[in-house]
Amino acid sequence: MEAYAVIETGGKQYRVTEGATLQVERLTDEAGSKVQLDRVLALSDGAQLTVGTPMVDGAAVTAEVVEHLRGPKVFSFKKKRRKGYKRKVGHRQDLTRIKIISLTGTAAAAPAETETAEV
């Protein structure tokens, strides 16, 4: 079993492992710089899984910005038949390719629920 983390960036969630490369929505950091992603939703060391409420305390993922790029062009087309109405709009998303360097934090068991006395 390998260690992994579930992170959130750009409004999306990604499952990452050390050495993985992925494309996320555009980050403001320069290419070649290191970035700390601290919105870690879950962290696993291979044996134990810690799920945050909503974030795991003290956990972070360090990544290196490889390059900035643009995604493929996506077209949106609207039409109303017999009315002469047509609209075509294109969009290209700005993306950043990052490489995961390290996962920091401890994957500890979730805190035990406390028993409440009935009144």
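Taken together, the values in this text are just the output of simple stated rules run on the coordinates, not laboratory data. As the structure is a prediction and not an experimental result, all values here were calculated from the model. Note that we place each Cβ from the backbone using ideal geometry, even for glycine, and neighbour counts take in every protein chain shown.
Annotations
- The calculated FRET efficiency for residue 85 paired with residue 29, based on their beta-carbon distance and R0 = 41 Å, is about 0.45.
- Lysine-lysine proximity count for the chain, Cα under 23 Å, sequence distance 8 or more or distinct chains: 10
- Residue separation of residue 55 and residue 18 scaled by 0.36 nm, minus their Cα-Cα distance, works out to 11.4 nm of gained length.
- Measuring nothing but how far apart in sequence close Cα pairs (under 8 Å, 6+ apart) lie, relative to its length, segment 1-55 scores a relative contact order of 40 percent.
- Each Cα pair under 8 Å and six or more residues apart adds its separation to the average, and for the chain the resulting relative contact order is 30 percent.
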